[in-house]
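One structure is given below, encoded as structure tokens.
Computed from the coordinates by the stated procedures, all read-outs in this text should not be read as laboratory data. Source: prediction; values computed, not measured. Note that each Cβ is placed from the backbone with ideal geometry, even for glycine, and that neighbours are counted across all protein chains shown.
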Amino acid sequence: MKIISTSNAPAAIGPYSQAILVNGMLYTSGQIPLDPFNGQVVEGGIKEQTLQVMKNLKAILDEAGTSFENVIKTTCFLYDMGDFVAFNEVYGEYFTKKPARSCVAVKNLPKDVLVEVEVIALVE
């Protein structure tokens with residue numbers, strides 16, 4: 001088991017790791033739209049926040065030596081299912097191989113953000 005950590009994604013805001021690599025599988029913690037360099041939630045709506053989440057995930061995937069192409073499962077949390085279409089527009093630009101996915105609406109997310117995404121990826 002190896003802890004994956006990069007300064008190019010937000011530091012954990014609790015007692016957890018950005019990601020864990022076990023037996024060739026990467027499990028990320030949920031990423032929210034925090035700017036890793038100032039620790040603040042990015043301004044804007046669902047598209048801007050989803051874009052930052054994807055940048056954060058990319059940084060973690062890169063650090064682990066894998067990519068969006070090797071993601072096999074995502075779990076997506078939206079504050080408002082009314083944002084589903086706009087979220088998918090940004091999400092679809094990154095997950096072109098169409099991994100398995102769960103997407104649910106939740107009452108609240110950390111720091112009152114609009115979106116959180118976690119992934120499971122193969123590291124070859």
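Asn88: net charge of surrounding residues, Cβ under 14 Å, Lys/Arg +1, Asp/Glu -1, itself excluded?
-1
Taking springs between alpha-carbon atoms closer than 10 angstrom, which of Glu93, Glu69, Glu48 fluctuates most in the Gaussian network model of the chain?
Glu93
Can you tell which of Pro99, Pro15, Pro33 shows the greatest fluctuation in a Gaussian network model of the chain with Cα springs below 10 Å?
Pro15
Using only Cα atoms and rounding to the nearest 10 degrees, what angle (0 to 90) does helix 46-64 make with the longest principal axis of the chain?
0 degrees
Taking Cα pairs under 8 Å and at least six residues apart, what relative contact order does region 23-112 come out at, in percent?
28 percent
If we count other beta carbons within 10 Å of each Cβ, what is the order of Leu122, Leu21, Leu57, fewest first?
Exposure proxy ranking, most exposed first: Leu122, Leu21, Leu57.
Connecting C-alpha atoms closer than 10 Å in a GNM of the chain, tell me which of Lys111, Lys73, Lys55 has the biggest fluctuation.
Judging by the Gaussian network model, the answer is Lys111.
Rounded to the nearest 10 degrees, what's the angle between the helix 84-94 long axis and the longest principal axis of the chain, both from Cα atoms, 0 to 90?
30 degrees
By count of other Cβ within 10 Å, fewest leading, how are Val113, Val119 ordered? Each step should come with its number before you reach the end.
Details: Val113 19, Val119 26.
Fewest-to-most Cβ neighbours within 10 Å comes out as Val113, Val119.
What 222 nm value per residue comes from the helices of the chain, counting each DSSP H run with n ≥ 4 as -39,500 (n - 2.57) and dividing by all residues, nearest 500 deg cm²/dmol? Write down the numbers at each step before the final one.
Numbers: 2 runs with 30 residues, N = 124.
Mean residue ellipticity, 222 nm, calculated: -8000 deg cm²/dmol.
Rank these for me by crowding, Lys98, Lys47, going from fewest to most other beta carbons within 10 Å. Numbers along the way, then the final one.
Values: Lys98 8, Lys47 15.
Starting with the residue having the fewest Cβ neighbours, the order is Lys98, Lys47.
What length, rounded to one decimal in nm, is gained on full extension from Ile3 through to Cys103, with 0.36 nm per residue of separation minus their alpha-carbon distance?
Details: separation 100, 0.36 × 100 = 36.00 nm, distance 2.59 nm.
That pair, Ile3 and Cys103, stretches by 33.4 nm at full extension.
Taking 30 Å as R0, compute the FRET efficiency from the Cβ-Cβ separation of Glu93 and Asn23 and round it to 0.05.
Efficiency, from the Cβ-Cβ distance: 0.50.
Give, as a single signed number, the net charge of other residues whose beta carbon lies under 12 Å from the beta carbon of Ala64, with Lys and Arg counted +1 and Asp and Glu -1. The partial results should precede the final answer.
Numbers: positive: Lys2, Lys58; negative: Asp62, Glu63, Glu124.
Net charge in that neighbourhood comes out at -1.
In debye, nearest 20: dipole of region 33-75 around its Cα centre with unit charges on the Cβ of K, R (+) and D, E (-)?
With Lys and Arg at +1 and Asp and Glu at -1, about 140 debye.
Considering only C-alpha atoms, what is the centroid distance from region 1-73 to region 86-115, in Å?
13 Å
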